Amino acid sequence: MADFDFDVLVIGSGPGGYVAAIRAAQLGLKTACAESRETLGGTCLNVGCIPSKALLHASELFEEAAHGTLAKWGVKTSGVEVDLDTMHGEKSKAVNELTGGIEFLFKKNKVEWLKGLGTFEGPNTVKVGDRMVTAKNIVIATGSSVTPLPGVEVDNESAKIVDSTGALALPAVPKRMVVIGGGVIGLELGSVWRRLGAAVTVVEFLDQILPGMDGEVRKEANKIFKKQGFDFRLSTKVTGAKVNGAVTLTVEPAAGGAAETIETDVVLVSIGRRPNTDGLGLEKIGLKVNNRGQIETDHDFRTSVPGVWAIGDVIPGPMLAHKAEDEGLAVAENIAGQTGIVNHDVIPSVVYTYPEIAGVGLTEEDAKKDGEVKVGKFPMLANSRAKTNREPDGFVKVIADAKSDRVLGVWMISTVAGTMIAQAAQAMEFGATSEDIAYTCHAHPTHSEALKEAAMAVTGKPIHI
Ligand SMILES: Cc1cc2nc3c(=O)[nH]c(=O)nc-3n(C[C@H](O)[C@H](O)[C@H](O)COP(=O)(O)OP(=O)(O)OC[C@H]3O[C@@H](n4cnc5c(N)ncnc54)[C@H](O)[C@@H]3O)c2cc1C
């Protein structure tokens, strides 16, 4: 058998890649991880999940202080101001701590960090920077980057037309902001700048925000965001942009019709993300991408080329950090000869706005396509903790199979939905029925009791409504 420098070489150190590398090393495999960025952690830690959550947290604190939430509770504040430099500073500190943490974990687990862009030279050979490296197994975990919008050119430097990376680092709070795309990233970053003082308009091509989520949740979320001051232009497409001091966007109805213009100070382009395969040299190993630019794999994350595996945003499925992480664990275990499995039917998704929005499993619309369902709903207004905290918006919805009662999907809007959804995911992973959730003792008073009551409502027996 040929001698290789490594048992496993992972290309990309995002949540998919770094987890795969650490698990492979834990399993006794000689492992390296190539990363073209200066720091480890990928999109998620550097310009994604972590910095966006830092700004969401900071802006929420500001809004609570500046717009009367604290005062309502007798916490008096005066002269509340935004100090954006300090906010950005705290965000960067969190990013540095977490990316440094991955570096520490690499050292601890003896994963070798290869600095530079990885390019295939052959099935078992990758050039990283100037170094030629061979590995028995290569895991492609190169992630994704922002999808460009023709006619609306991003220039993060000038901070006029920005992508999510630029929107995480705006040097001043804009008076007006237009977010193109009413998906998760647009609504989260739109929320940050709205809370800090911008008048935010969201332009969405589809007739509703949050594509892919449960219909009722999408409608309710839209109502809540409107109440917060977001302006929505649904069923509208952006066809061009001119920067001349301010930015002038040209928009028209998605179905066609008269064009009009919107003037604004900052435009955030957030219409989606596309897989990173450019410069990877896939042609050298005869690995083709599908028509969405993704690398296809089998259930074990093997590509069509022996010894080459792929995980995370670069393969089909939701572009989420925890999906990438779980695939990272599974691929390493499969490489080591164990059985690594990811249940793609139970991947929770969360929008970290106020309130939070979360779901796992099938939407009601999709569940109904497969057969008869029973649905139980419970409003947060009737949940004692949410009511006490003055957090009345939202509901929990449990969708179960009409015959077997097995839970097919859970959707919710609640201030802590991102935390509550874990219970639903675990229940579904264990094949729970709605009755199983309804008869599980939940601590009182917690927002999670709303999930229990929604499960009780599946068979028409909630107590508190
Ligand atoms: C603003 C924003 C907010 C987000 N918030 C959330 C959230 O709250 N929760 C959530 O679950 N997801 C969130 N996401 C999505 C999440 O960041 C991604 O799903 C996740 O990072 C994907 O992980 P990955 O390992 O597949 O790839 P990435 O994290 O994209 O990492 C890939 C890495 O590979 C490197 N790379 C690429 N090509 C090469 C090469 N040829 N050689 C060497 N290195 C290479 C890249 O530099 C990158 O560092 C967010 C994304 C954005 C943009």
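Scanning region 441-465 for residues that are of a type outside the set (D, E, K, R) and either crowded, with 20+ Cβ neighbours inside 10 Å or under 21 Å from residue 403 (Cα atoms) (or both) yields 447, 448, 450, 451, 454, 455, 456, 457, 458, 459, 460, 462.
Considering only region 251-266, I want to know if a residue exists there that is under 22 Å from residue 164 (Cβ atoms), within 16 Å of the ligand (Cβ to nearest atom) and touching a strand residue (DSSP E or B) at 6+ places or on another chain (Cβ under 9 Å). Yes.
With the requirement that a residue be touching a residue at least 60 places away in the same chain (Cβ under 8 Å) and assigned to a loop (DSSP other than H, G, I, E, B), what does region 319-344 give you? 319, 336, 338, 343, listed by residue number. Residues that are open to solvent by 40 Å² or more (accessible area, probe 1.4 Å) and touching a strand residue (DSSP E or B) at 6+ places or on another chain (Cβ under 9 Å) number at least 3 in the following strands (runs of 3 or more DSSP E) confined to region 345-401: 373-379.
Within region 91-110, the set of residues being of a type in the set (Asp, Glu) and under 21 Å from the mean Cα position of the chain (by Cα) comprises just one member, 97. Only one entry in 97, 103, 188, 121 is of a type in the set (Asp, Glu) and either assigned to a loop (DSSP other than H, G, I, E, B) or away from the ligand (no atom under 14 Å from the Cβ) (or both), namely 97. Is it the case that some residue within region 30-40 is in a loop (DSSP other than H, G, I, E, B), open to solvent by 20 Å² or more (accessible area, probe 1.4 Å), among the polar types (S, T, N, Q) and without any contact (Cβ under 8 Å) to a residue 12 or more places away in the chain? No - not one qualifying residue is present in region 30-40. The combined condition, being within 15 Å of the chain's Cα centre (by Cα) and modelled with pLDDT of 95 or more, is not fulfilled by residue 336. The set of residues in region 1-21 that are modelled with pLDDT of 95 or more and more than 6 Å from the ligand (Cβ to nearest atom) comprises 4, 5, 6, 7, 8, 9, 10, 18, 19, 20, 21.
The values are calculated or read from the model by the stated rules, or taken from the named source; none is laboratory data. Given the structure is predicted, the values throughout are model-derived calculations rather than measurements. When we count neighbours, we look across all protein chains shown, and the Cβ atoms used for this are built from the backbone with ideal geometry, even at glycine. We work out accessible area using only protein heavy atoms, side chains counted, and drop any ligands, DNA or RNA first. Shrake-Rupley method; radii C 1.70, N 1.55, O 1.52, S 1.80 Å.
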